[in-house]
1. Can you tell me the equivalent ellipsoid semi-axes for the chain? Use √(5λ) from the Cα gyration tensor, largest first, whole Å.
2. Among DSSP beta bridges whose residues both lie in the chain, state the antiparallel percentage, nearest 5.
3. Going by accessible area, probe 1.4 Å, with all protein chains left in place, what is the ranking of 63, 169, largest first?
4. Can you give the three extents of the C-alpha atoms in segment 1-47 along their principal axes, from longest to shortest, in whole Å?
5. Residues with beta-carbon under 9 Å from that of residue 88, excluding residue 88: net charge, scoring Lys, Arg +1 and Asp, Glu -1?
6. With all protein chains present and a 1.4 Å probe, how do 185, 87 order by accessible area, largest first?
7. Positive end of the dipole of segment 41-156, charges at C-beta (+1 Lys, Arg; -1 Asp, Glu), about the Cα centre: which of 116, 60, 87 has its Cα farthest in that direction?
8. Which of the lysines could be linked to residue 67 by a straight reach, that is with a Cα gap under 20 Å, when you skip same-chain ones fewer than 8 residues away?
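The values are calculated or read from the model by the stated rules, or taken from the named source; none is laboratory data. Since this is a predicted model, take the numbers as computed values, not measurements. A quick note on method: Cβ atoms are made from the backbone with ideal geometry, for glycine too, and the neighbour counts reach across all protein chains shown. Areas reflect the complete protein model, heavy atoms only, side chains present, ligands, DNA and RNA absent. Shrake-Rupley method; radii C 1.70, N 1.55, O 1.52, S 1.80 Å.
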Amino acid sequence: MNSASKPALLLIDIQKGLDDIDYYGGHRNNLQAESNARKVLDFWRNNKLPIFHVKHNSTNPNSPLVKGKIGNEFKDIVKPLANEAIIEKEVNSAFIGTDLQQKMDKLGIEKVVIVGLTTDHCVSSSARMAGNLGYDTFLVGDATAAFDKVGPNGTKYKAEMIHEIELASIHNEFATVIASDDLLISLKEIL
(Lines give C-alpha, C1' and ligand atoms only; values in the text may rest on other atoms or scores of the structure.)
Protein backbone atom coordinates (compact mmCIF):
# COMPACT_ATOMS: atom_id res chain seq x y z
CA MET A 1 0.00 0.00 0.00
CA ASN A 2 1.60 3.26 -1.08
CA SER A 3 0.37 6.72 -2.00
CA ALA A 4 0.05 10.18 -0.61
CA SER A 5 -3.75 9.92 -0.29
CA LYS A 6 -5.08 8.96 3.11
CA PRO A 7 -6.82 5.57 3.16
CA ALA A 8 -10.37 5.44 4.50
CA LEU A 9 -11.55 2.76 6.90
CA LEU A 10 -15.02 1.31 6.38
CA LEU A 11 -16.42 -0.59 9.36
CA ILE A 12 -19.30 -2.58 7.91
CA ASP A 13 -22.28 -3.54 10.11
CA ILE A 14 -20.46 -4.26 13.37
CA GLN A 15 -23.81 -4.23 15.16
CA LYS A 16 -25.19 -5.91 18.27
CA GLY A 17 -27.84 -7.83 16.33
CA LEU A 18 -25.15 -9.92 14.67
CA ASP A 19 -24.58 -11.57 18.06
CA ASP A 20 -27.91 -13.38 17.52
CA ILE A 21 -26.16 -16.56 16.37
CA ASP A 22 -29.38 -18.58 16.08
CA TYR A 23 -30.97 -16.03 13.74
CA TYR A 24 -27.93 -16.12 11.46
CA GLY A 25 -27.30 -19.85 11.20
CA GLY A 26 -26.20 -21.23 14.54
CA HIS A 27 -22.42 -20.91 14.19
CA ARG A 28 -19.96 -18.15 13.34
CA ASN A 29 -16.26 -18.36 12.56
CA ASN A 30 -13.50 -15.94 13.60
CA LEU A 31 -14.68 -14.75 16.98
CA GLN A 32 -11.70 -12.34 16.99
CA ALA A 33 -13.08 -10.33 14.05
CA GLU A 34 -14.31 -7.46 16.22
CA SER A 35 -11.10 -7.22 18.26
CA ASN A 36 -9.06 -7.19 15.04
CA ALA A 37 -11.37 -4.51 13.65
CA ARG A 38 -10.83 -2.51 16.84
CA LYS A 39 -7.05 -2.81 16.46
CA VAL A 40 -7.35 -1.35 12.94
CA LEU A 41 -9.79 1.31 14.15
CA ASP A 42 -7.37 2.37 16.90
CA PHE A 43 -4.63 2.83 14.30
CA TRP A 44 -6.96 4.99 12.17
CA ARG A 45 -7.96 7.10 15.16
CA ASN A 46 -4.36 7.54 16.35
CA ASN A 47 -3.28 8.67 12.87
CA LYS A 48 -6.35 10.86 12.25
CA LEU A 49 -7.33 8.97 9.09
CA PRO A 50 -10.86 9.03 7.62
CA ILE A 51 -13.32 6.62 9.24
CA PHE A 52 -16.79 5.61 8.09
CA HIS A 53 -19.03 3.45 10.30
CA VAL A 54 -21.64 1.69 8.17
CA LYS A 55 -24.90 0.58 9.80
CA HIS A 56 -27.43 -1.79 8.27
CA ASN A 57 -31.06 -0.80 8.86
CA SER A 58 -32.86 -3.99 7.89
CA THR A 59 -36.25 -3.69 6.22
CA ASN A 60 -37.10 -7.26 7.34
CA PRO A 61 -39.30 -6.80 10.44
CA ASN A 62 -37.96 -10.08 11.91
CA SER A 63 -34.31 -9.02 11.67
CA PRO A 64 -32.41 -8.00 14.79
CA LEU A 65 -30.97 -5.13 12.69
CA VAL A 66 -34.24 -3.21 12.31
CA LYS A 67 -33.82 0.47 13.12
CA GLY A 68 -35.00 1.16 16.66
CA LYS A 69 -34.13 -2.32 17.98
CA ILE A 70 -31.17 -2.76 20.33
CA GLY A 71 -29.59 -5.03 17.69
CA ASN A 72 -29.33 -2.09 15.31
CA GLU A 73 -26.82 -0.36 17.60
CA PHE A 74 -23.08 -0.53 16.96
CA LYS A 75 -21.15 -2.95 19.16
CA ASP A 76 -19.39 -1.15 21.99
CA ILE A 77 -15.95 -2.36 20.85
CA VAL A 78 -16.13 -0.13 17.74
CA LYS A 79 -18.71 2.44 18.80
CA PRO A 80 -18.29 5.62 16.72
CA LEU A 81 -16.87 8.75 18.29
CA ALA A 82 -18.80 12.00 17.85
CA ASN A 83 -16.59 13.18 14.97
CA GLU A 84 -16.74 9.92 12.98
CA ALA A 85 -19.07 9.56 10.00
CA ILE A 86 -22.00 7.14 10.14
CA ILE A 87 -23.44 5.81 6.89
CA GLU A 88 -26.86 4.13 7.13
CA LYS A 89 -27.96 1.65 4.47
CA GLU A 90 -30.84 -0.71 3.77
CA VAL A 91 -29.13 -3.04 1.27
CA ASN A 92 -25.91 -5.07 1.26
CA SER A 93 -23.60 -2.53 -0.38
CA ALA A 94 -22.48 0.51 1.61
CA PHE A 95 -22.52 2.46 -1.67
CA ILE A 96 -26.16 1.87 -2.72
CA GLY A 97 -28.67 4.44 -1.50
CA THR A 98 -26.05 6.32 0.55
CA ASP A 99 -23.72 9.27 0.07
CA LEU A 100 -20.61 7.26 0.98
CA GLN A 101 -18.98 7.60 -2.45
CA GLN A 102 -19.64 11.34 -2.57
CA LYS A 103 -18.16 11.83 0.91
CA MET A 104 -15.05 9.80 0.06
CA ASP A 105 -14.57 11.52 -3.28
CA LYS A 106 -14.91 14.93 -1.61
CA LEU A 107 -12.01 13.94 0.68
CA GLY A 108 -9.95 12.73 -2.29
CA ILE A 109 -9.87 9.16 -1.00
CA GLU A 110 -8.34 6.63 -3.37
CA LYS A 111 -7.74 3.72 -0.96
CA VAL A 112 -10.34 1.90 1.10
CA VAL A 113 -9.76 -0.60 3.92
CA ILE A 114 -12.75 -2.74 4.88
CA VAL A 115 -13.51 -4.64 8.09
CA GLY A 116 -16.82 -5.88 9.44
CA LEU A 117 -19.67 -8.33 9.23
CA THR A 118 -20.39 -10.51 7.41
CA THR A 119 -17.76 -11.70 4.94
CA ASP A 120 -20.17 -13.12 2.37
CA HIS A 121 -22.86 -10.44 2.55
CA CYS A 122 -22.33 -6.74 3.22
CA VAL A 123 -18.53 -6.92 3.45
CA SER A 124 -18.30 -8.70 0.11
CA SER A 125 -20.88 -6.47 -1.58
CA SER A 126 -19.14 -3.32 -0.37
CA ALA A 127 -15.64 -4.58 -1.28
CA ARG A 128 -16.74 -5.63 -4.75
CA MET A 129 -18.41 -2.31 -5.37
CA ALA A 130 -15.46 -0.32 -4.00
CA GLY A 131 -13.21 -2.17 -6.44
CA ASN A 132 -15.61 -1.59 -9.30
CA LEU A 133 -15.78 2.11 -8.46
CA GLY A 134 -12.01 2.33 -8.85
CA TYR A 135 -10.90 2.51 -5.23
CA ASP A 136 -7.70 0.64 -4.34
CA THR A 137 -9.46 -1.71 -1.94
CA PHE A 138 -8.09 -3.79 0.93
CA LEU A 139 -10.18 -6.30 2.85
CA VAL A 140 -8.88 -7.30 6.28
CA GLY A 141 -9.59 -11.03 6.29
CA ASP A 142 -9.13 -11.59 10.01
CA ALA A 143 -11.40 -8.64 10.84
CA THR A 144 -14.49 -10.17 9.26
CA ALA A 145 -16.51 -13.34 9.81
CA ALA A 146 -19.28 -15.50 8.36
CA PHE A 147 -22.08 -17.74 9.59
CA ASP A 148 -23.06 -21.27 8.61
CA LYS A 149 -25.39 -21.38 5.61
CA VAL A 150 -27.78 -23.93 4.15
CA GLY A 151 -27.72 -24.15 0.36
CA PRO A 152 -30.78 -24.51 -1.88
CA ASN A 153 -30.38 -28.31 -1.91
CA GLY A 154 -30.31 -28.45 1.92
CA THR A 155 -26.56 -28.91 2.25
CA LYS A 156 -25.10 -27.13 5.28
CA TYR A 157 -21.90 -25.18 4.68
CA LYS A 158 -19.63 -24.29 7.58
CA ALA A 159 -18.89 -20.65 8.33
CA GLU A 160 -15.13 -21.11 7.96
CA MET A 161 -15.55 -22.52 4.45
CA ILE A 162 -17.89 -19.70 3.42
CA HIS A 163 -15.47 -17.13 4.86
CA GLU A 164 -12.40 -18.59 3.12
CA ILE A 165 -14.13 -19.06 -0.24
CA GLU A 166 -15.45 -15.50 -0.18
CA LEU A 167 -11.99 -14.11 0.62
CA ALA A 168 -10.52 -16.21 -2.22
CA SER A 169 -13.19 -14.92 -4.63
CA ILE A 170 -12.51 -11.29 -3.76
CA HIS A 171 -8.70 -11.42 -3.56
CA ASN A 172 -6.88 -9.91 -6.55
CA GLU A 173 -10.19 -9.44 -8.35
CA PHE A 174 -11.95 -6.73 -6.36
CA ALA A 175 -9.59 -6.17 -3.44
CA THR A 176 -6.37 -7.23 -1.81
CA VAL A 177 -7.11 -9.50 1.14
CA ILE A 178 -4.66 -8.80 3.95
CA ALA A 179 -4.25 -9.72 7.63
CA SER A 180 -4.64 -6.96 10.21
CA ASP A 181 -1.03 -7.12 11.43
CA ASP A 182 0.34 -7.02 7.86
CA LEU A 183 -1.91 -4.05 7.07
CA LEU A 184 -0.73 -2.08 10.08
CA ILE A 185 2.94 -2.82 9.34
CA SER A 186 2.55 -1.61 5.74
CA LEU A 187 0.70 1.53 6.86
CA LYS A 188 3.34 2.42 9.44
CA GLU A 189 5.93 2.38 6.65
CA ILE A 190 4.09 4.95 4.51
CA LEU A 191 2.47 7.26 7.07
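1. Values: eigenvalues 127, 71, 48 Å².
In descending order, the three semi-axes are 25, 19, 16 Å.
2. On the way: 4 of 29 bridges.
Taking every DSSP beta bridge with both residues in the chain, the antiparallel ones total about 15 percent.
3. 169, 63
4. 44, 17, 15
5. On the way: positive: 55, 67, 89; negative: 90.
Every neighbour counted, the sum reads +2.
6. Correct descending sequence by accessible area is 185, 87.
7. Positive-end residue among those listed: 60.
8. 16, 55, 75, 79, 89
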